[in-house]
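The values are calculated or read from the model by the stated rules, or taken from the named source; none is laboratory data. Since the structure is predicted, the reported quantities are computational estimates derived from the model, not experimental observations. Heads up, the Cβs are rebuilt from the backbone with ideal geometry, glycines too, and the neighbour counts pull from every protein chain shown.
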Amino acid sequence: MAVGGWLDLSTGINSHPYPVLDGLETELHRLPDPAELATLTEVARDAYGAQRNVAVTAVPGTDLALRLLPLLAPPGPVTILGPTYSGHAEAWRDGGRDVRVAKALDAISADSRVVVVVNPNNPDGRRLTPGALLAMAARLATVGGLLVVDEAFADLEPEGSVLPHLAGEPIVVLRSFGKFYGLAGLRLGFALGDADVIARLGRLVGDWPVSGTAIRLGRRALADTDWQATARARLRSGRERLVGILTAAGLGIAGGTDLFQLAVAPDAVSLHESLARQGVWTRIFDDQPGRIRFGLPADDQFDRLAAALPEAR
């Protein structure tokens with residue numbers, strides 16, 4: 001959305017957020033209620049389709065959770081399925097781990113003890129089936145390993161989530177709240193899966209991991225299936241419109257989700273800079289010099305992007 005004259009397309013955050021409730025001021029005058037927090041985790045478990053025995057903890061954004069996981073995961077080499085969100089490699093390297101990047105599951109070395117997958121992937125939207133993920137978890141189970149699945153964009157395609165299939169496998173799934181619901185500043189997320197890792201993560205984030213405001217809004221939004229269905233349809237339509245604008249400007253599409261599209265552009269850096277001079281901010285990647293990512297604009301900003309692209313090129 002446009003902020004201070006900028007059209008910020010560098011993120012994958014829904015520009016039509018879940019409506020904020022009135023009367024939340026009272027939540028700021030007291031510590032979060034443990035019973036309400038427990039209800040939030042139950043609502044999240046149900047919303048994500050996980051079985052009742054799957055462990056879950058709320059976290060103040062999944063970015064914190066992924067940076068704490070190196071303290072909790074089994075020792076040994078870490079392989080990240082890439083290219084993907086750079087925060088994962090940063091977290092594991094900062095945790096002193098030997099970090100490798102593989103381009104396919106079958107290219108992951110046998111000595112890996114932790115495997116990290118973003119599904120759907122950011123920035124190219126690569127998808128892996130629940131069956132493929134469960135097979136990798138079974139392989140890691142034989143060596144006491146752990147599979148970490150970042151499902152930050154899985155709310156767009158819940159049928160692809162591995163969570164409904166969990167039955168005690170060594171898997172930790174991270175679910176972001178802010179992206180699909182458009183409330184990134186709320187700092188709410190969830191970690192679900194392996195009981196031991198989730199319990200230890202819960203102890204690290206403490207008794208009040210998220211605010212009372214986050215608890216109240218999260219409970220309501222996660223149970224609001226009508227809003228979710230409407231949002232998915234709106235985002236799907238917006239993605240089709242965005243693809244049309246990008247292809248009309250001569251850009252190829254390398255993949256994406258309903259919240260962002262990754263375009264092929266040999267001149268990605270100069271295109272990014274030219275768009276910036278027009279107040280349009282995109283995302284480019286050091287490790288993918290011919291790619292540029294466009295987040296989904298708000299409804300009233302598509303025309304601005306459509307006008308900026310031909311001039312930029």
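Values as computed for the structure displayed
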item	result
Members of region 243-274 that are of a type in the set (Asp, Glu) and buried (at least 23 other Cβ atoms within 10 Å of the Cβ)	Asp258
Looking only at region 105-133, and only at residues there that are more than 17 Å from Asp150 (Cβ to Cβ) and in contact with a strand residue (DSSP E or B) (Cβ under 8 Å, 6 or more places away or on another chain), the one that is surrounded by the most Cβ atoms within 10 Å (Cβ to Cβ)	Arg113
In region 120-143, the residues that are assigned to a loop (DSSP other than H, G, I, E, B) and touching a helix residue (DSSP H, G or I) at 6+ places or on another chain (Cβ under 9 Å)	Pro120, Arg127, Leu128, Thr129
Contacts under 7 angstrom Cβ, first residue in region 249-272 being farther than 17 Å from Asp287 by Cα and outside the structural domain of Asp124 (by TED's automatic domain parsing), partner part of a helix (DSSP H, G or I) and of a type in the set (S, T, N, Q), 6 or more apart	Ile253/Thr247
Hey, Val116 under 20 Å from the mean Cα position of the chain (by Cα) and either outside the structural domain of Leu201 (by TED's automatic domain parsing) or not in a helix (DSSP H, G or I) (or both) or not	yes
The lone exception for Pro34 - which of (1) under 29 Å from Leu9 (Cβ atoms); (2) in contact (Cβ under 8 Å) with a residue 60 or more places away in the chain it fails	(1)
